[in-house]
Structures are given as structure tokens and as C-alpha cells.
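**Q** The structure under discussion is supplied below as C-alpha cells; questions concerning it will follow.
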Amino acid sequence: MSDNLPLGAAVERTMRLVELLLSAPDGLTPQELLLQLDISRSTLFLLLRSMKALGYVEQAEKRGRYYPGPRLQAWQQSSPPLSRDLLTAFYQEGARLNSAETLALTVRAEAGVLVVGQVEGSQQVRSVLQPGQVYPNLCAAAEVLAEFPGAEVQTYGYHFCENEDSLELALPVCPDGATPQAALLLSAPRFRWRSEAFLERHLPEQRALAARLSHQMGAPAYTPFHYHPAAPLQPSGPLSSEEISSFLQGPWTARLACVRPDGRPHVSPVWQEWDGSGFCVVAWQGSQWADYVAQDPNVSLTVDEPWPPLRRVVVRGVAEPLAVGDPATLHKLVRSLANRYLGQLTPGLLEQVQGAFRIQPQAVRGWVGVPGTPARESAHAPGN
């Protein structure tokens, strides 16, 4: 595969090949694979060689048929069967997260926990797992994926293990919002973290990631095991400037409110990018709000998450046209937004752009928790 192939496209291509091999117990010839895959012959053989070297593919004889290797056969042990869309979303989100520690996607298998995907951490000394291998001793993931999870897991929605050499944090991915189909597993060398610091640093981030993956698989809400916090959520409190900036780095879809020429309100979902002092948003072809904003640039923007801890940010500001006559800047913005929300810049996306705007905030409010208690408003000056 080309080194320039976007991660999402590479995963999609690989998973299509995997599905074909798993669906053909008698094996497939290269010609049969080419007829069903929209790739070149050289790309197919490069992909097959790579998968063969890793144990995912076997070939009975030279120039013979290709069969699932031992690692793909292990995938078939997983229960329930793994969704291709989930694995693709995992790699896209994992690449965006760029964690210092190793992140894995796991499912239940007959003899333990099967690792189906891994994004290695950036630390020189890090945990390493083998995708396609069944591990009998990944206690955190095993507890989350157990047929009858313990009361503590059902209460708090995660499991944390302190092993002799490593720390493990596992959270369920629930396509229906409540029943785990897979588990995220974050693993780190024990010498690098105190347990309390590890959980404080990684639990909110991993919970948000598990919720995003569940939401992408169709979950209306993220409530693993019908989870309810042991203690009720507190009334809403303000977010600091740093907390607001951190929250806005997530792939949250914003809602932009503007005014129609007849005075009626108009609200549209938009992708947003916060650069520390303002928001950049893109209008796609056919977007009415771009015309309305051109006439009246006063807008409001709301960004929120639909699950605990229920962070919300509301912005009031002025929208100004961006990158007019500057295709390089527009291309950079669209690529950044596409990588953030889709995992890659998909073909034809640039041609769908009608225009771009930068929203200069006049005031920003951020709060967390159950609505009810007014949050303290803080005005953000440019550069703050």
C-alpha cells in the first residue's frame, strides 16, 4: 500500500479483503480477489504479502489460493462478530487521539480476550499487544467483556487493573448504548504512573472515546450496563478557559444560529475548529446559512456532548468570510476538519465547499453538569 494512503482508506481496503477471505472457506485466487476489489494487481499482492508475513493470510502453495491465516481464524472466535465499521472507526479515532500509551480494541474469545486492533503509544518504552492473538490474562478487558460483569464494573462503567508490570484500563463499546460488543484497553508500563494519576489523566479521555465509538455505531446514548453514576451529577459549574479549549478539540458537531432576512432564527449543524481565539467553520454547497450570515454576521455557536460529564460551550460572536481567493488556506482547513471528523480527506469533499467563515467570539460560556445553575460567563479576547 502507498505510504500516502489515508488511514481510513487503508483500513477499509484491508477489511474488505479480510471479509472476502473469511467468507470463502475453499480459498480465493488472486484473480477472484481482483474481480471483487477495486485495487490494482500490484497493490493486491503488496497487501497479501504484508498480511501473510503477519500471519493473517496463508497460501497453500506458490501461485495457489489464499486462505485465512491463524490470526484471522482467531477473529472468528470472537463473540459477537466484530463490526468492520467499528474497527475502522477505532483506527481513525486512535490516530486522532495520538496517545502516549498503547490503545487496543478487544473482543471476547473462547480462551480469553482477542486483540483485534492496536494503536501503539508514542513512548519509547510502551506496552505492545499482537492483533489477532488471544490473551488469557488481560484482566481489565476480560472483566468488562464478561458475560456477567461484576457489580463494580456495572456501577462505574469501566475496570482498572494493576498488574506487576503494567496498568490496564478498559471501557466497553456499546452499539446499542448498553451492551458491550467490544472493549477499549489502554495499557501502560507500571513504572511510569501512579494509579491515581493514570486514572485522573486517562479515564475521562477514554470514556469520551468509548462513547464516541458507541455513538458512531448507532448508540442513542452511552449508558453501559444501564450505567447510572453512584453519586448524582452536580448542578452545572463553569469551565475554565483551559477546560473550554481542551473540550473544543474533540470532534463535536456544533450548531450555528443566525438570523434569516425575515427575522426568523435559523440553526444549522457545522464542523468547527477552535484555534484558541476563534472558530473556523465551513459551509457546504446548498447551505442557506452562509447567505444569511453574509447579510447579518451576528451568530451564536453551541458545542456540547450528549453524555456525562455533559460539557457545553456557547459562543456569541461575529462571522467573517475566510480564505476568500486563497485556495491553499481553504484546502488546509477542509483537510484538518475532515481528518478530525472523518479520519481522512475523502475524494470530492473540497468541491462541495461553498465557503468558509471565521467566528470572532465576543463572549464564551462553558459549563459542565446538569443544567440548572447558571454558569459564569467569561469573555475571550483574541489570543486568549
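**Q** Looking only at the range 158-168, decide whether some residue is of a type in the set (F, W, Y) and touching a strand residue (DSSP E or B) at 6+ places or on another chain (Cβ under 6 Å).
**A** Scanning the range 158-168 turns up at least one residue that is of a type in the set (F, W, Y) and touching a strand residue (DSSP E or B) at 6+ places or on another chain (Cβ under 6 Å).
**Q** Only one of these is closer than 13 Å to V368 by Cα, of a type outside the set (D, E, K, R), at pLDDT 90 or above and surrounded by 12 or more Cβ atoms within 10 Å (Cβ to Cβ): L233, L256, L239. Name it. First the steps, then the outcome.
**A** Details: L233 fails: at pLDDT 90 or above; L256 fails: closer than 13 Å to V368 by Cα.
Result of the check over L233, L256, L239: L239.
**Q** Here are the criteria: (1) hydrophobic (A, V, I, L, M, F, W, C); (2) over 17 Å from T179 (Cβ atoms); (3) assigned to a loop (DSSP other than H, G, I, E, B). Tell me which single one L114 does not satisfy.
**A** (3)
**Q** Something else: Within the range 200-216, can one find any residue that is in a loop (DSSP other than H, G, I, E, B), over 19 Å from R340 (Cα atoms) and modelled with pLDDT of 85 or more?
**A** no
**Q** Quickly run through the range 260-273 and pick out the residues that are more than 21 Å from the chain's Cα centre (by Cα) and either in a strand (DSSP E or B) or not assigned by TED's automatic domain parsing to the domain that holds A338 (or both).
**A** P265, H266, V267, S268 - these are the residues of the range 260-273 that are more than 21 Å from the chain's Cα centre (by Cα) and either in a strand (DSSP E or B) or not assigned by TED's automatic domain parsing to the domain that holds A338 (or both).
The values are calculated or read from the model by the stated rules, or taken from the named source; none is laboratory data. Just so it is clear, the model here is predicted, and its values are computed rather than measured. Cβ sites come from the backbone with ideal geometry, for glycine too, and all protein chains shown count toward neighbours.
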